[in-house]
1. Within the range 489-522, which residues are assigned to a loop (DSSP other than H, G, I, E, B), in contact (Cβ under 8 Å) with a residue 40 or more places away in the chain and among the small types (Gly, Ala, Ser)?
2. I'd like the full set of residues that are over 28 Å from Glu276 (Cα atoms) and either surrounded by 14 or more Cβ atoms within 10 Å (Cβ to Cβ) or out of contact with any strand residue (DSSP E or B) (no Cβ under 9 Å at 6 or more places or on another chain) (or both), limited to the range 637-657.
3. Restricting attention to the range 756-784, which residues are surrounded by 13 or more Cβ atoms within 10 Å (Cβ to Cβ), free of Cβ contacts under 8 Å to residues at least 40 places away in the same chain and within 22 Å of Phe625 (Cβ to Cβ)?
4. Can we say Phe381 is more than 23 Å from Phe254 (Cα to Cα), in contact with a His (Cβ under 8 Å, 6 or more places away or on another chain) and either of a type in the set (Phe, Trp, Tyr) or assigned by TED's automatic domain parsing to the domain that holds Tyr537 (or both)?
5. Restricting attention to the range 179-204, and to residues there that are assigned to a strand (DSSP E or B) and aliphatic (A, V, I, L, M), which single residue is farthest from the chain's Cα centre (by Cα)?
6. Would you check if there is a residue in the range 685-696 being under 27 Å from Arg512 (Cα atoms) and surrounded by fewer than 18 Cβ atoms within 10 Å (Cβ to Cβ)?
7. For the range 523-540, which residues satisfy the criterion of being in contact (Cβ under 8 Å) with a residue 24 or more places away in the chain and over 23 Å from Asn560 (Cα atoms)?
Amino acid sequence: MKKLILLLLATTFSFAQNVNRKYISHHWKQNSLIILVNDGEYRIKMLSDKISETTFIPKGQKFDSISHAVIIEPKNLKVTKKENKNEIEIGTKHLTVNIEKSPFSVHYLKNNNLIIFEKNGYTKKDSIEMIDLNITSDEVLFGGGARALGMNRRGNRLQLYNRAHYGYETRAELMNFCIPLVLSSKLYAVHFDNAAIGYLDLDSKKDNTLSYETISGRKTYQVIVGETWSDLLSNYTDLTGKQPLPPRWTFGNFSSRFGYRSQEQVEKTIKKFQDEKIPVDAIILDLYWFGKTIKGTMGNLDWDKETFPNPDKMISDLNAKGIKTVLITEPFILTTSSKWQETVDKKVLATTKNDTPATWDFYFGNTGIVDVFKPEGKEWFWNVYKRLINQGVAGLWGDLGEPEVFPSFAKTFGGTADEVHNIYGHHWAKLIAEGYKKDFPKQRPFILMRAGYSGSQRFGMIPWSGDVSRSWGGLQSQMEIALQMGMQGMAYIHSDLGGFAGDYYDNELYLRWLQYGVFNPIFRPHAQDDVASEVVYKDIVTMETAKKSVELRYQLLPYNYTLAYQNSVSGQPFMRPLFFAEPNNERLLNEKESYLWGNNFLIKPITKRGETSTDVYFPKSSNWFDFYTDKKYERGTTHNVTVNPENIPTYVRGGSFIPMKTSLQNTSNYSLNYFDLHYYFDEDCKASMDNLFHDDGTSPNTIENGNYELMRFTSMSIDEGTVITFNSNIGKNYNPTDKIVTLKIHNCNPKSIYVDGKITYFTKENNSIMIPISWLKNTTPEIKLEF
């Protein structure tokens with residue numbers, strides 16, 4: 001092994017080591033390797049077949065066992081242990097950690113191939129602690145949270161300090177989510193498991209160094225490997241947690257702006273949606289629900305009864321119409337708010353070193369902040385939410401949770417402001433998720449937040465990309481942010497559709513943003529109210545075009561909700577880079593202007609004014625068909641396609657099944673007793689399979705509890721034609737129903753069709769056919785196409 005590593009070091013890596021570190025001794029503690037060196041101690045263990053964890057404890061420091069990110073528990077793990085005079089090795093079938101005793105060095109091998117190794121490992125200079133690793137010269141690097149830098153983030157030194165970037169456009173070096181995770185084009189990732197502020201340096205000095213710098217905390221990192229991108233993301237979300245299914249209404253249309261100033265305005269807006277027959281599922285109330293002014297009222301966290309005289313009736317009436325109410329909250333309690341003295345008396349605020357409430361000035365006034373790390377702070381904040389949920393509020397919006405202003409002098413139960421800054425939003429979401437489990441165990445939470453940390457997805461956090469400029473530049477950065485965050489576990493990342501910041505008025509921009517939003521995890525137009533964000537407040541022409549996007553969003557609900565199921569069980573994002581389909585195409589590693597929506601859609605947003613045509617690359621994994629015209633595009637080709645005003649270029653993978661519904665007014669009317677199933681026949685596709693997930697859309701843990709149905713559709717080419725089969729995997733506690741399915745087969749002109757062996761009637765429409773299928777429960781219909 002030593003000869004192999006030395007050869008690899010010489011040929012693929014720039015050679016460097018911490019020559020001052022000397023091996024002294026080692027021992028095994030269960031499945032962990034403990035190595036004593038002259039300046040401290042290493043602890044190395046395997047967390048799974050494809051994840052290792054390395055901790056360095058400097059001499060004089062104690063081991064910090066608390067991780068805010070990692071939840072994996074090794075189970076039935078077969079760990080190999082080897083040692084000889086010169087080296088020690090711990091590993092599994094897929095991942096090995098090799099330690100050379102002299103000169104001391106730590107190497108990581110995937111399937112016996114060296115992928116990365118410690119350069120200097122842990123070092124300290126003045127007050128900064130660092131871990132550095134050696135990477136190869138040809139790797140493309142992703143990660144570091146939400147930023148607009150280009151897909152390849154190599155060459156950047158990224159600050160790890162969650163901070164809002166108001167009105168950003170095409171470049172944003174620092175934003176609301178700073179995640180200490182780096183993913184490599186060589187299908188491995190490194191997660192630095194420490195919450196304190198610092199920097200993540202992705203080879204900014206161009207010497208093949210990946211480094212992590214911090215002010216304090218754990219010197220722990222995990223190396224994760226995968227055979228494919230999907231496998232790598234599944235392993236990372238095993239490490240930090242899978243996202244639970246949100247309520248199904250999450251995938252509908254939101255009415256939202258900054259903001260609704262009265263109960264009357266809320267009711268008027270929803271009535272307008274209904275009058276125009278534009279689907280809507282929820283309305284989001286910004287800060288005017290607790291005060292008439294932007295400044296001076298934050299922290300009231302209770303209804304302003306002058307402008308919202310009867311919130312109970314308002315919420316009840318909205319619920320009766322299938323409309324959910326979502327309220328903004330912030331962690332800041334102004335000294336001028338009605339809750340200030342209560343929070344002081346109950347000792348729920350962050351403090352100074354003298355244990356008095358820490359206060360400071362920011363845009364909204366003089367403020368303190370709830371200590372979400374302190375048991376009393378968590379209980380107090382949850383009781384605010386509990387009261388609102390009991391009133392009928394269905395969703396909670398946590399804003400400014402970076403926190404937006406959090407001076408270093410502040411102190412919390414969990415550490416200093418700088419030690420907990422990046423995990424404040426993470427723990428805020430955690431207290432809400434845990435509160436729901438305790439007090440509302442039959443209800444799925446909706447937790448909208450703009451700041452978090454590694455693993456925040458496991459609390460059900462729905463993140464968004466912050467206060468983006470209402471401009472074409474603002475739109476152009478959104479695909480990159482979403483693709484990067486999806487690869488880091490935060491699959492529900494989305495943007496304020498139409499843009500948030502500024503009074504720029506451009507209906508073309510608005511429509512293009514909404515058309516892109518159809519293929520986002522969340523469809524939520526939102527903006528400063530200088531220019532209306534809601535579809536119903538647009539001019540007639542704009543409204544009618546936007547309405548088509550909203551309706552398509554609802555038609556795709558069966559497909560989109562199935563993507564949510566896939567994410568919850570495997571960690572796969574909704575929005576996926578094209579290199580997921582073609583991992584060996586190096587050109588695609590930098591592609592951010594088009595993406596995959598799930599496995600079966602290829603999307604090319606239009607992000608420039610007046611664009612009438614655009615180039616689209618069609619991945620080699622399959623042939624592709626225009627969603628609107630059925631025109632076929634050959635795999636591995638690039639075409640300049642014409643763009644029309646009503647939609648963006650959208651393509652469907654050959655051989656795929658796309659379940660759809662006729663448009664609904666909101667998701668309360670959703671069922672799968674009747675649905676359409678589109679099959680995109682492609683003679684080059686010899687076999688295919690897709691799923692459709694269904695449950696009640698509201699109960700937590702339906703997958704774990706067996707309260708679901710997973711329908712499966714397969715196609716198989718045979719000598720005389722194609723056979724399509726329906727079947728279902730029924731959860732042990734689920735009662736399925738009979739279904740009427742309209743099977744629409746695109747690009748197909750069969751001579752005859754048989755359903756369960758009997759010739760059947762079908763209708764033709766252009767180059768497609770439609771077949772009514774009566775799918776009785778506990779049966780497996782078979783459709784045979786003869787050509």
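The values are calculated or read from the model by the stated rules, or taken from the named source; none is laboratory data. Only a predicted model underlies this, so the values are computations on that prediction, with no experimental measurement involved. Note that we place each Cβ from the backbone using ideal geometry, even for glycine, and neighbour counts take in every protein chain shown.
1. The answer is Gly489, Ala491, Gly502.
2. Start the filter on the range 637-657 by keeping residues that are over 28 Å from Glu276 (Cα atoms), which leaves 637-642, 651-657.
Those that are over 28 Å from Glu276 (Cα atoms) and either surrounded by 14 or more Cβ atoms within 10 Å (Cβ to Cβ) or out of contact with any strand residue (DSSP E or B) (no Cβ under 9 Å at 6 or more places or on another chain) (or both): His639, Val641, Tyr651, Val652, Arg653, Gly654, Gly655, Ser656, Phe657.
3. Residues satisfying the conditions are Phe762, Ile769, Met770, Ile771.
4. Against the criterion (more than 23 Å from Phe254 (Cα to Cα), in contact with a His (Cβ under 8 Å, 6 or more places away or on another chain) and either of a type in the set (Phe, Trp, Tyr) or assigned by TED's automatic domain parsing to the domain that holds Tyr537 (or both)), Phe381 does not qualify.
5. For the range 179-204, the residue satisfying everything is Leu202.
6. Of the residues in the range 685-696, the ones under 27 Å from Arg512 (Cα atoms) are none.
Checked the range 685-696: no residue is under 27 Å from Arg512 (Cα atoms) and surrounded by fewer than 18 Cβ atoms within 10 Å (Cβ to Cβ).
7. Result: Ala527, Gln528, Asp529, Asp530, Val531, Ala532, Ser533, Val536, Tyr537, Lys538, Asp539.
A quick yes/no check of all residues on (1) out of contact with any Gly (no Cβ under 6 Å at 6 or more places or on another chain); (2) of a type in the set (Gly, Ala, Ser); (3) outside the structural domain of Met487 (by TED's automatic domain parsing); (4) crowded, with 20+ Cβ neighbours inside 10 Å:
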site	(1), (2), (3), (4)
Val531	yes, no, no, no
Glu534	yes, no, no, yes
Tyr537	yes, no, no, no
Ile540	yes, no, no, no
Tyr559	yes, no, yes, yes
Gln566	yes, no, yes, no
Val569	yes, no, yes, no
Met575	no, no, yes, yes
Phe580	yes, no, yes, yes
